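Report on the following structure.
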Amino acid sequence: MSQEIPGKDRFQQAYEGKAPWDIGKPQPVFVRAADQITGAVLDAGCGTGENALFFAQQGRTVTGVDFLDQPIAEAKRKAQERGLSATFLVLDALHLDELSESFDSVIDCGLFHVFSDEDRARYVAGLASVVRPSGRLFLLCFSDQEPPGDGPRRVSQQELREAFAEGWEIESIAEARFEVRPDLEDLHFSEGGPFAWFCTIRRS
């Protein structure tokens with residue numbers, strides 16, 4: 001399975017060291033949007049689970065998926081330690097159609113921007129299979145306002161609109177920032193955190 005997923009080794013190595021996005025708390029943009037993220041929640045590419053566990057703490061029914069064993073094990077450990085109920089599954093987000101349930105809200109914190117054009121289309125199709133009609137996707141990705149350099153592929157508003165052109169309605173695309181670990185030594189981003197887009201996208 002690991003050989004089928006491009007970049008899996010790179011992400012595995014990141015978690016074995018200091019993954020820039022693993023900040024030990026939920027991303028602030030999702031905290032600020034918490035009242036909009038309702039019902040049953042899927043965290044696609046949940047990592048070690050901080051965003052998912054935040055919503056579990058708010059009383060949501062939460063499922064988190066990631067394609068790596070290590071962060072899922074860590075997410076489960078955190079849930080048990082904090083006395084929170086959440087489901088964490090090892091699952092490639094390009095195979096969301098393998099999930100047996102559907103969701104009112106999906107959060108994507110830094111997943112969309114790792115995919116190639118081809119895989120973007122597969123991912124969006126998978127999202128369509130698990131998001132209930134009128135459900136929403138809340139997506140945070142690197143924006144093309146972040147200068148070239150470290151980190152993932154930059155994404156333009158036009159690319160977002162094209163990716164979700166059929167079967168979805170983009171309700172908003174707002175400027176945002178990623179919070180990253182403060183102790184990064186070899187990675188350099190804009191002061192204040194990498195520039196991002198925070199998108200609210202409704203399933204038709």
Dipole check, the chain, charges on Cβ (K,R +1; D,E -1), about Cα centroid: among 103, 141, 93 the Cα furthest to the positive pole belongs to 103
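Is it possible to state the helix-based mean residue ellipticity at 222 nm for the chain, with each DSSP H run of 4+ residues giving -39500 (n - 2.57), the sum divided by total residues, to the nearest 500 deg cm²/dmol? What is it?
It comes out at -8000 deg cm²/dmol, rounded to the nearest 500.
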If the elastic network links every pair of Cα atoms under 10 Å, which of 35, 22, 186 fluctuates the most in the Gaussian network model of the chain?
186
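In whole Å, what three semi-axes, largest first, describe the equivalent ellipsoid of the range 1-141 built from its Cα gyration tensor (square root of 5 times each eigenvalue)?
Computed over the range 1-141, the values are 21, 19, 14 Å.
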Using θ = phi - 60° and the Karplus curve 6.51 cos²θ - 1.76 cosθ + 1.60, what whole-Hz ³J(HN,Hα) does each residue of the range 197-204 get, with Gly and Pro shown as x?
10, 10, 10, 10, 10, 9, 7, 5
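Every number here is computed from the coordinates shown, using simple stated rules; none is lab data. Since we're looking at a predicted model, the values are computed, not measured. Ideal geometry is used to build each Cβ from the backbone, glycine not excepted, and the neighbour counts take in all protein chains shown.
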